[in-house]
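Only one structure is covered here, and it is reproduced in the block below.
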Amino acid sequence: MFLLSLTSKAQDIIIKDINNEITTTFQNSKSESFQIQNFSNQDKSIKIKSNINKMQGGATLLICYDDNCQESSSSLIINIPANSISDEISIILNGGLSNYKETAYFEFIDMEVDTGIKKEIELKVSNEQIQELFFSKQDIQVKSFFPNPAVKSAIMEYSINPYEQDAKITLQNVLGSIVDTYKLNPDENKLTISTENLTPGVYFYTLTIDDEGLATRKLIVKK
């Protein structure tokens, strides 16, 4: 977690939980969220802008707040009441069709005093598949769905002892309703699910073996 602070005569701002790297793969998206906290006794208007204009290979970069998304070539203005913290702000990297790597410089400018913070974020698009370990125990190893957020599909790699007869992934929405159940075949090592027909939002997937829920993770679906 990174905290960036800016203090001046009329300003006391902290940018919370901003990462210094965003990585995604071809034709997939990665979103990183952060918040801005206003410690002052005055309402603040913060302008967010970056140095990124045209990106290679069809990649795009968006800055989003509430339902307002701006391309990186434009600025986004966020109003933050006195002594409060903003809702989540997202930087979304949409991968194109080729490798891409660049350092983006984001500025967070207090429009009242026209000063601000500059933050470097490394952007990377590649065809590498990066999966985190979801669950591991003896002869069972299951990796998390990737990419996450998912746009068209999500992939899970796994290795399960052939004697484990009933291993499955259950996908649920935020209300707890089961959306689908996927059996993990011990003779295979990869599960691919389609997310194109799912409503964008947050889902939870649970690994169950012999009717015992072992682990749960979050999957975000975007369009």
**Request:** Check 121, 89, 78 and return the single one that is touching a Lys or Arg at 6+ places or on another chain (Cβ under 9 Å) and at pLDDT 90 or above.
**Result:** 78
**Request:** Would you point out the residue of segment 97-113, among those that are in contact with a Gly (Cβ under 6 Å, 6 or more places away or on another chain) and outside any strand (DSSP E or B), that is modelled with the highest pLDDT?
**Result:** 98
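Do we find a residue being in a loop (DSSP other than H, G, I, E, B), among the small types (Gly, Ala, Ser) and farther than 30 Å from residue 73 by Cα anywhere in segment 133-154?
Keep residues of segment 133-154 that are in a loop (DSSP other than H, G, I, E, B), which gives 138-139, 144-145, 147-149, 151-152.
Adding the requirement that they be among the small types (Gly, Ala, Ser) leaves 144.
After this cut, where a residue has to be farther than 30 Å from residue 73 by Cα as well, the list is 144.
Yes, the conditions are met somewhere in segment 133-154.
Taking segment 172-192 only, how many residues are touching a residue at least 12 places away in the same chain (Cβ under 8 Å), under 22 Å from the mean Cα position of the chain (by Cα) and exposed (fewer than 12 other Cβ atoms within 10 Å of the Cβ)? Before you say what the answer is, go through the steps one by one.
Filtering segment 172-192 down to residues touching a residue at least 12 places away in the same chain (Cβ under 8 Å) leaves 172-174, 179-184, 186-187, 189-192.
Within this subset, residues satisfying the condition of being under 22 Å from the mean Cα position of the chain (by Cα) are 172-174, 179, 191-192.
Applying the additional criterion that residues be exposed (fewer than 12 other Cβ atoms within 10 Å of the Cβ) yields 174, 192.
Here the count works out to 2.
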**Message:** Quick test for you: out of 77, 46, pick the one residue that is free of Cβ contacts under 8 Å to residues at least 40 places away in the same chain, touching a strand residue (DSSP E or B) at 6+ places or on another chain (Cβ under 6 Å), surrounded by 13 or more Cβ atoms within 10 Å (Cβ to Cβ) and of a type in the set (Val, Ile, Thr).
**Reply:** 77
**Prompt:** Among (1) in the same structural domain as residue 14 (by TED's automatic domain parsing); (2) at pLDDT 90 or above, where does residue 116 come up short?
**Reply:** (2)
**Prompt:** If we keep just the residues of segment 193-214 that are β-branched (Val, Ile, Thr) and surrounded by 11 or more Cβ atoms within 10 Å (Cβ to Cβ), which is farthest from residue 171 (Cα to Cα)?
**Reply:** 209
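The values are calculated or read from the model by the stated rules, or taken from the named source; none is laboratory data. Note that the structure is a prediction, hence the values are computed from the model and not measured. No Cβ is skipped: glycine too gets one built from the backbone with ideal geometry, and neighbour counts run over all protein chains shown.
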